[in-house]
Amino acid sequence: MGGSELNDGARDVRLTRALICLMFLTFAMTSDAVGGIIPVIIAEYGLSMKAAGAFHYIPMTAMACGALLLGFLSDRLGRKYTIVLGLALYALGSALFAAGHSFGFFVVLLAISGLGISIFKIGGLALVGDVSASTLAHTRMMNTAEGFFAIGSIVGPAVMALLLSAGWSWKWLYVLASIICIALLAIAASIRYPNPHPQHTQTPGLKNTFRLLRDPFLLGVSALIMLYVAVEVAIYVWMPTYLSSYRGPHGWLPVYGLTLFFVLRALGRFLAVWLLARLSWTAVLALCSAAILACFAFSILNGVETGAWLLPLSGLFMATVYPTLNSKGISGFDRAAHGTAAGIILFFTAIAAAVGPLAMAAVSDAYASTRAGFILATGFALLLCAGLVWNWLAQPARRRLEAVDA
């Protein structure tokens, strides 16, 4: 009987890990396809770039609001109910694209979907801690989950390209995501979750959320994540526009540059699982941030012909940064607070993802050049590198993480 229970427990842990990875893959299909959708809707609805950008910053804003105000749900209601609620909202918002025709209606659906993503993603991030025995195991699992997110980032734009080439509307990408989401709902509702009743030292709620917002450790991690996100989003939102002026001998680079970036980011995240098991995470992040800065700086100094190679290459070095910082920020707290901590980090992530491209667009418009926007992004990369090098040399998080492991 005991052996049977152990086998069932191991099966549930495997299913839980698979659910986490598939959730990350599914919402990446739509969120990271937006760079390819925006040019299509500009032509379809006669929109300005700022108006069409609502397809990116509206769901990000909804995600930020949901993360900050509802991040505690995972700790209060439990992982299962939170994930089911979030997946249901995301499935509803995505499925209704089939019935829509107006730009405003689609923006409302994106807000609903963004709210759903924030809820089920926080539940999934909290589950990472439930299936991890240490902060190191937490970081490995986080990189694996983000690796599946990176795969979704490749699948989504590829599916959209196939739809457009076949004469179908881009909106069927969202319908496909809703169908996959329904299957995930069935899995989420049926499995048994590990650690279903964590012991709370603080009652989960907005009061506890704002208490954690004053934690220097969490704020430091969030600041680094905001800088990273501003750098990464520069690639998948504005790189295609920046590379449109490329006139070099390799005409395929501007066309496939974004795909190359996503492929390298996916490979890098699975490579990170191997790398972080052998090297200090602080050293890895410092070196990766220096390589990212080099890619951006040389792209600016040497022009678009060099940037067409180096900007996609930066995906290989970006791969490790976000999941590792996210993991350390969440695993620096008791498991009972993982959902709340994940919500706060996701709030800052979404804010940076919304504000970063807008700031680049404003600077580019002011100087009538997308190069100016990428100079701003290079500044973000410089600040990120400085912060992660300091993190490597000073080791400010060491005592916190060692105390959690102990």
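Within region 291-384, which helices (runs of 4 or more DSSP H) (wholly inside it) include 2 or more residues that are within 21 Å of the chain's Cα centre (by Cα) and within 19 Å of residue 253 (Cα to Cα)? It comes to 304-318. Could you check, for region 142-152, whether at least one of its residues is surrounded by fewer than 24 Cβ atoms within 10 Å (Cβ to Cβ), out of contact with any Ser or Thr (no Cβ under 9 Å at 6 or more places or on another chain), not polar (S, T, N, Q) and not in a helix (DSSP H, G or I)? No; the residues of region 142-152 include none that is surrounded by fewer than 24 Cβ atoms within 10 Å (Cβ to Cβ), out of contact with any Ser or Thr (no Cβ under 9 Å at 6 or more places or on another chain), not polar (S, T, N, Q) and not in a helix (DSSP H, G or I). Of the helices (runs of 4 or more DSSP H) contained entirely in region 12-87, those carrying at least 3 residues that are β-branched (Val, Ile, Thr) fall at 34-45. Among the residues of region 211-257, just one is under 26 Å from residue 288 (Cα atoms) and either charged (D, E, K, R) or in a loop (DSSP other than H, G, I, E, B) (or both), namely 232.
For every residue, the table says whether it meets (1) surrounded by 20 or more Cβ atoms within 10 Å (Cβ to Cβ); (2) within 30 Å of residue 328 (Cα to Cα); (3) in contact with a helix residue (DSSP H, G or I) (Cβ under 6 Å, 6 or more places away or on another chain).
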residue: 62; (1), (2), (3): yes, yes, yes
residue: 65; (1), (2), (3): no, yes, no
residue: 68; (1), (2), (3): yes, yes, yes
residue: 98; (1), (2), (3): no, no, yes
residue: 109; (1), (2), (3): yes, no, yes
residue: 134; (1), (2), (3): no, yes, yes
residue: 181; (1), (2), (3): yes, yes, yes
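Quick one: how many residues across region 292-307 are farther than 12 Å from residue 389 by Cβ and either surrounded by fewer than 22 Cβ atoms within 10 Å (Cβ to Cβ) or out of contact with any Phe, Trp or Tyr (no Cβ under 8 Å at 6 or more places or on another chain) (or both)? Looking only at that region, the number is 10. Out of all the residues in region 80-87, is one or more modelled with pLDDT under 90, within 19 Å of residue 44 (Cβ to Cβ) and either surrounded by fewer than 24 Cβ atoms within 10 Å (Cβ to Cβ) or not hydrophobic (A, V, I, L, M, F, W, C) (or both)? No - not one qualifying residue is present in region 80-87.
The values are calculated or read from the model by the stated rules, or taken from the named source; none is laboratory data. Keep in mind it's a predicted model, so treat the numbers as computed, not measured. Note: ideal-geometry Cβ built from the backbone for every residue, glycine included; neighbour counts use all protein chains shown.
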